[in-house]
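Each value in this text was obtained by applying a stated rule to the coordinates, not by laboratory testing. Fair warning: this is a prediction, and the values are worked out from it, not measured in the lab. For neighbour counting, all protein chains shown are included, and Cβ atoms are generated from backbone atoms with ideal geometry for every residue, glycine included.
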Amino acid sequence: LKGAENWMTSHGIEIYDETDSDSAKLENCMEYLYRHGRSIPQALMMMVPEAWGEGTEMSDEQRAFDEYNATFMAPWDGPAALCFTDGIQVGAFLDRNGLRPSRYTLMKNNQLVVASESGVVDVDPGDIVEKGILAPAEMLLVDTSTGRISKTRDLKRACAEAHPYQQWLNANRLTLGELPDAKSDESMPIDSLKKLWLRNGYTHEVIQTALLPMAQNGGEPVIAMGFDSPLAVLSKKSQSLFTYFKQSFAQVTNPPIDPLREKVVIGTFGFLGRDGDCTRDTAENCHKLKIDSPILSDQEYAKILNLDLPMLQVAKLSLAYDLTDTPDRLAHVLKDLFTQAENAIDGGATILVLSDRPVADNQMTIPVLLAVSGLHNYLVRQSKGTAASIVVDTAEACEIHHFACLVGYGAAAIHPYGVFLTLKERGLEAQLPDYCQAATKGIIKIMSRMGISTTAGYQGAQLFEAVGLADSLIDQYFTGTPTRIGGINLNQLEDEYYQKYQRAFSNHAIDDLPSGGSFQYKADG
């Protein structure tokens, strides 16, 4: 639920207390929507939507209702059997995966029993009128003033037909396929590409063992079960910021899901742009650009850069900075970046593109994860976290874990241009779509371990633990991330990246990539 909780906070809606349980936070969100005019069934359908992808069976009106809500409402994802009442209406509702049992029994005396198991209340079988089990995303509602029982399809039909949602989507929601083609035939001389590899920490092993197989096979390679590399903070070699973060896994009452067998509930789509008002339905709420995956191809990224519409304005922000002798240099650079982003939003930008493309050889670039998370948390503190989407144009991110970190800390989409240039140099340009597919599968696998079925629910959830970063760095740029082991601060982190920069541009620059050693033992790894 962390992603949905952070989404509400991004809107400047302060309805949570740090001591609240997940159930209390969900209840507070539902009550907020209810007190702003939503009915309880509609509020719950907005918060806990059923799977509405192309493979699901539902009417066009109901699909449009769910897609409309998805343009401005983050889903509360995870297993849940919910019971609710406003004093007159009382009902039960199940999550989209149906991972919690919820059985009901209706008796001749007009009593309705809903519980996690049958037999909670002794009932004469002859008195039973109807009994059953709630299916995924199914609702049962009783109006005690009339004695009427309503079920999911009737309730959802009433909500779906309240407004012309499909017309609103057709008039306001764009897809990448509807945008004009844009030039995307990017290439780079091999000498420049080697410098790009060196300054971003690429190794022969990463290219040969991770990148190439993903493009060739359309899936992640199977390498090994164990991982015996030292913690990044203890390593003698300079490390990427990504290696300081460890993925969280579902435990106890929050089970992981199988992304293959439960593919019908998986959703990788997303929407770029400013979020609308969750308290009222208007056509303007869905002024968004729909993307099918958080991994963007060259062509898709070029289309986004060329956007110039009243409600979809793009601002490109460079992560490159000069190597001055200013004390606390990186902190000042980050502050300037956040100010630029906020000014761009105030000027009408609804999509912020963060690019780590170096402008000159004498410039370093902000670690892309630091820039994304720092900006996301800064905008949340300014109550502007949903005013614009963050798109990342990066060479540093080149592994599945990197992509998951970027999405988990607020990025809506990623264009891994460094990977694409590498694959083109190896003659695999035709396999770029296969790489994008493999990267998307990898993100799905990681988020499903936490029981999350949509990238929208994973975005901004920060479901990682930091190991080896100072509390001051975490509090400022990765706010809310748990950490049990302290370590390097911002200046020391910059020093690690400066070491990689020197490999490419110092007087002692090397011509070849390091061999690696992350996946198997290397003498120089």
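Please work out the ratio of the alpha-carbon Rg of the chain to 2.2 N^0.38 Å and round it to two decimals. Write out the running numbers ahead of the final one.
On the way: Rg = 24.7 Å, N = 525, 2.2 N^0.38 = 23.8 Å.
Here the answer is 1.04, to two decimals.
On a straight-distance basis, which lysines could pair with residue 108 in a cross-link, Cα separation under 18 angstrom, same-chain partners fewer than 8 positions away excluded?
Cα-Cα hits under 18 Å: 131.
I'd like the projected area of the stretch 2-173, averaged over all directions, using the convex hull of its alpha carbons. Report it in nm² with one decimal. Numbers along the way, then the final one.
On the way: hull surface 46.0 nm².
Orientation-averaged projected area of the Cα hull: 11.5 nm².
Measure out, as a whole number of angstrom, how far apart the alpha-carbon centroids of the stretch 17-77 and the stretch 477-508 sit.
Between the Cα centres of the stretch 17-77 and the stretch 477-508 lies a distance of 40 Å.
With viscosity set to 1.567 mPa s at 4 °C, what whole-number translational diffusion coefficient in µm²/s follows for the stretch 256-402 from Stokes-Einstein and a Kirkwood radius over Cα pairs? All intermediate terms of the calculation are to be shown ahead of the outcome.
Numbers: Rh = 17.0 Å.
Calculated translational D: 76 µm²/s.
In sequence order, what are the phi-derived ³J(HN,Hα) couplings for the stretch 194-204 according to the Karplus relation 6.51 cos²θ - 1.76 cosθ + 1.60 with θ = phi - 60°, rounded to whole Hz, with x for glycine and proline?
4, 5, 5, 4, 5, 6, 10, x, 5, 10, 4
Find out how many positive minus negative residues lie around residue 357, taking Lys and Arg as positive, Asp and Glu as negative, among other residues whose Cβ is under 12 Å from that of residue 357.
-2
For the stretch 32-109, what is the Kirkwood estimate of the hydrodynamic radius, computed as the reciprocal of the mean inverse distance between distinct Cα atoms, to one decimal in Å?
14.1 Å
Would you work out which of 405, 338, 372 lies farthest towards the positive end of the dipole of the chain, given +1 charges on the beta-carbon of Lys and Arg and -1 on that of Asp and Glu, about the Cα centre?
Going by the Cα projections, it comes out as 405.
Roughly how big is the stretch 384-506's charge dipole about its Cα centre, with Cβ charges of +1 (Lys, Arg) and -1 (Asp, Glu), in debye to the nearest 20? Each step should come with its number before you reach the end.
Working: 9 positive and 12 negative charges, 71 e Å.
The calculation lands at about 340 debye.
I'd like to know which of 177, 214, 36 lies farthest towards the positive end of the charge dipole of the chain, counting +1 on Cβ of Lys and Arg and -1 on Cβ of Asp and Glu.
214
Stick to the Cα atoms of the stretch 358-516, pair each with every other, and give me the Kirkwood hydrodynamic radius in Å at one decimal.
Details: mean 1/r = 0.0577 Å⁻¹.
The answer is 17.3 Å.
Under a point-charge model restricted to the Cβ atoms of Lys and Arg (+1) and Asp and Glu (-1), what is the dipole moment magnitude of the chain relative to its Cα centre, in debye to the nearest 20? Provide the component values of the computation, followed by the final result.
Numbers: 45 positive and 68 negative charges, 72 e Å.
Computed charge dipole of the chain: roughly 340 debye.
Mind putting a number on the dipole of the stretch 2-173 about its Cα centre? Charges go on the C-beta only, +1 for Lys and Arg and -1 for Asp and Glu, and I need it in Debye to the nearest 20. Mind showing how you got there, number by number?
Numbers: 16 positive and 27 negative charges, 76 e Å.
Here the size comes out at about 360 debye.
In deg cm²/dmol and to the nearest 500, what is the mean residue ellipticity at 222 nm of the chain if only DSSP H runs of at least 4 residues count, each as -39500 (n - 2.57), divided by the residue total? Please report the intermediate quantities before stating the final value.
Working: 17 runs with 177 residues, N = 525.
For the chain, the value works out to -10000 deg cm²/dmol.
For the chain, what's the relative contact order in percent, using C-alpha pairs closer than 8 Å and at least 6 residues apart? Show your work: numbers first, answer last.
On the way: 945 pairs, mean separation 107.5, N = 525.
This gives 20 percent for the chain.
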